[in-house]
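Heads up, the thing below is written out as structure tokens.
The values are calculated or read from the model by the stated rules, or taken from the named source; none is laboratory data. Everything numeric in this text was worked out from a predicted model, so none of it was measured. Virtual Cβ from ideal backbone geometry, glycine too; neighbours counted across all protein chains shown. With ligands, DNA and RNA removed, areas are computed over all heavy atoms of the protein, side chains included. Shrake-Rupley method; radii C 1.70, N 1.55, O 1.52, S 1.80 Å.
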Amino acid sequence: MLILLQGGRVVDPAHDRDAIGDVFIEDGRIVAAPTDGRRPDATYDLRGKIVMAGGVDLHSHIAGSNVTLAREIMPELPALAAAGGVDIAPSPATWGSYATGLRYAQMGYTTVIEPALIPTHAIEAQIELAAIPIIDVGALGILGNDDYSLGLLRGTGDASELQDYVAWTLSHAKCLGLKVINAGGAEAFKFNVRTFSLDDEVPDYGVTSRAIMRAMQKAVTDLGVPHPVHLHCNNLGVAGNADTALATMEAAEGLPIHLAHIQFYGYGKEGPKGLSSAAPRIAEGIARHKNVSVDIGQVMFGQTVTISGDILRQFDGRNAANPKKWGLSQGEGNGTGVVPYKYRAKSFVNAVQWSVGLEIMLLADDLWRVLFSTDHPNGALFVRYPEIIQLLMDRNERARWLERLPQDAREVSNLAAIARELTYAEIAIITRAGPARLLGLQDRGHLGPGAVADVAVYVERDDKKAMFEKADYVFKDGRLVVRDGAVTEVTFGRAYHVAPGFDSKIERRVADFYDRYYGAKVSTFGVPDDIAARPHRFAKVPCQS
Ligand SMILES: [Zn+2]
């Protein structure tokens, strides 16, 4: 069936396209305009509308044991329900899997990456991901605090074994890339270490955070995994931690690295309260290090819950829990901290955080490397994206928000002086084209022939929040799934992963390790192909080595 999307403003920055035109869809893919005079089977008149590729979110916590714990602790978190106009039976987990897929689709998102899959809990996470409708997914597997990796890095193991271990883990857990969280910090926390920076050593192992990060970068690069190491840096949320982020950019020594939720590292120590925006320094650092990409982790005022494998920092943050309840767990290499939090516009600290994220995005010289996220739900629920897009596109709206903020917060931030308003093309870069490219998902994030027919259509409005809250049409794999902002068909997508090759000797070594220290078979957490009882659930993304 040939579908014609006719006469909309097609915003496709991957092809430098921003003009009124047509898009053709056939068999789930974007195709070139037919030259044989064939007439479309269906035509959509898109005059006055904006046509973009489906949104791609590269950092959103939507599945896995940490998210489950957060749902248990905060069932009252503002529901994502009323999702897509489809009735969802009220339940304690209305921010659960089903609502997640529908709400993302409603906003025009079609691919979302869970950035913190614990390899030993991979089955649970992949089953939950498979329960999320409509969107395609992927997951980043966490290493860097686990005893096997640290044992290899102690000096006895060689780099090739670590590379095999990374490859085996990504293949076994069906992950799209590697996540490293406060490298060595969770292990150090077991020794009661409370601050852990780039050159601190993990007790017992004698390896620094820097060395862990570098070894993981080398392994991922040599394996040809398209997505660089996705790093959660040390010292999250600490005043003055812009120094840590900048030192980490240097430490990468030119190898690709992605720094997650950079807003939480954008803090200086200037001003009477010892906290200030360091966004200009961060933006300058990103501009100078072409091997560095970031996502923002924008904060928005309101109730949320923070979920993080950075147990050291979450333990520190537990006293700020609002409401007063929290949960921490500590396991093999992967602690979890769940701390409910309410960002308040009247709070000096929260106002600075809110400003820092926007500043970094608006000061970016290359938006292909400065990508959109709220680190859902850590900075804000993903349903707040349309408000953030509005703030990026409308300086008057920013001025209205700034008026609500404490004067002392405005004095240590730079937002009021920034006039830039992002264009549709720039929004498409940070919400689609950029993340797709960085993840190695070559057939999405753009509207060129051969791309998967994931397309979002928005009615152009001055009110960008209203515009991006509800897509007019969303096509997933060429099927219409959203119309007038409401979900019309509930489909199920695919899970993307890499499967880099490894020396098979690693399988026996890892099996012996788990058997000896955990009494567990590695097959108990390997992800089988038929896990979702749906054919073609998993799709491989090629490595480049
Ligand atoms: Zn995160």
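Taking the convex hull of the alpha carbon positions in segment 146-233 and averaging its projected area over all directions gives 5.3 nm². Straight Cα distances below 17 angstrom link residue 49 to the lysines 464, 465, 470, with same-chain residues fewer than 8 positions distant left out.
Only the Cβ atoms of Lys and Arg (+1) and of Asp and Glu (-1) were treated as charged; on that basis the dipole of the chain about its Cα centre amounts to roughly 800 debye.
Among 195, 502, 418, which residue has its Cα furthest toward the positive end of the charge dipole of the chain, with +1 on Lys/Arg Cβ and -1 on Asp/Glu Cβ? The residue sitting most towards the positive pole is 418. Taking every pair of alpha-carbon atoms in segment 410-538, give the share separated by more than 24 Å as a whole percent. Tail of the P(r) past 24 Å holds 56 percent of the pairs.
Surface composition of the chain: carbon and sulfur atoms hold 49% of the protein heavy-atom accessible area at a 1.4 Å probe. Test of understanding: extend the Cα→C-beta vector of residue 160 to 7 Å, then name every residue of segment 198-231 with backbone N under 20 Å from that spot. Taking a point 7 Å out along Cα→Cβ of residue 160, the residues of segment 198-231 whose backbone N falls under 20 Å are 215-225.
For segment 245-283, which GluC sites (Glu not before Pro) pass both filters: DSSP loop (anything but H, G, I, E, B) and at most 14 other C-beta atoms within 10 Å? Counting only loop positions with at most 14 other Cβ atoms within 10 Å, the GluC sites (Glu not before Pro) in segment 245-283 are 253.
Using 0.36 nm per residue and subtracting the Cα-Cα separation, the extra length available between residue 483 and residue 515 on full extension is 6.3 nm. Per residue, the solvent-accessible area of the chain (1.4 Å probe, heavy atoms of protein chains only, all protein chains present) comes to 36 Å². Convex hull volume of the C-alpha atoms in segment 7-65, normalised per residue: 141 Å³. Dimensions of segment 126-171 along the principal axes, based on C-alpha atoms and rounded to the nearest Å, stand at 46, 17, 11, largest first. If you plug the beta carbon distance of residue 273 and residue 419 into 1/(1 + (r/R0)^6) with R0 = 25 Å, you get a FRET efficiency near 0.40. Considering only the other residues whose Cβ falls under 10 Å of the Cβ of residue 150, what net charge follows from Lys and Arg at +1 and Asp and Glu at -1? Result for the neighbourhood of residue 150: -3. Can you list which of the trypsin sites (Lys or Arg not before Pro) found in segment 227-310 are DSSP loop residues with at most 16 other C-beta atoms within 10 Å? Here the sparse-neighbourhood loop sites are 269, 273, 290. Based on the convex hull around the alpha carbon atoms, segment 500-542 presents an average projected area of 4.0 nm².
Taking every alpha-carbon pair under 8 Å whose residues sit at least 6 apart, the chain reaches a relative contact order of 21 percent. When its C-alpha radius of gyration is set against 2.2 N^0.38 Å (N residues), segment 106-187 gives a value of 1.25. Dividing the helix sum by the residues of the chain, where each DSSP H run of 4 or more adds -39500 (n - 2.57), gives a mean residue ellipticity at 222 nm of -8500 deg cm²/dmol. Counting lysine pairs in segment 256-396 whose alpha carbons fall under 24 angstrom apart, excluding pairs fewer than 8 residues apart on the same chain, gives 8.
Histogrammed with a bin width of 20 Å, the alpha carbon distances of the chain distribute as 23, 58, 19, 1 percent, first bin at zero. For segment 137-293, the ratio of Cα radius of gyration to the globular rule of thumb 2.2 N^0.38 Å stands at 1.04.
Amide H contacts for residue 376 (H built 1.01 Å from N in the peptide plane; partners 5 or more residues away or on another chain; cut-off under 5 Å): 61. The base-10 log of I(q)/I(0) for segment 148-192, evaluated at q = 0.23, 0.29 Å⁻¹, reads -0.92, -1.07 [Debye formula, identical scatterers on Cα atoms, solvent excluded]. Computed over neighbours whose Cβ is under 13 Å from that of residue 454, the net charge equals +1, Lys and Arg +1, Asp and Glu -1.
Using DSSP to define loop residues, name the trypsin sites (Lys or Arg not before Pro) in segment 433-509 whose beta-carbon has at most 15 other beta-carbon atoms within 10 Å. Those that pass, being in a loop and sparsely packed, are 461.
Here's the list of lysines a cross-link from residue 179 could span, going by alpha-carbon distance under 19 Å and ignoring same-chain residues fewer than 8 apart: 218, 540.
Of the residues 105, 150, 115, the one whose Cα sits farthest towards the positive end of the charge dipole of the chain is 105 (charges of +1 on Lys and Arg Cβ, -1 on Asp and Glu Cβ, taken about the Cα centre). Local charge for residue 298 was computed over the other residues whose Cβ lies under 13 Å away, with Lys and Arg +1 and Asp and Glu -1, and equals -3.
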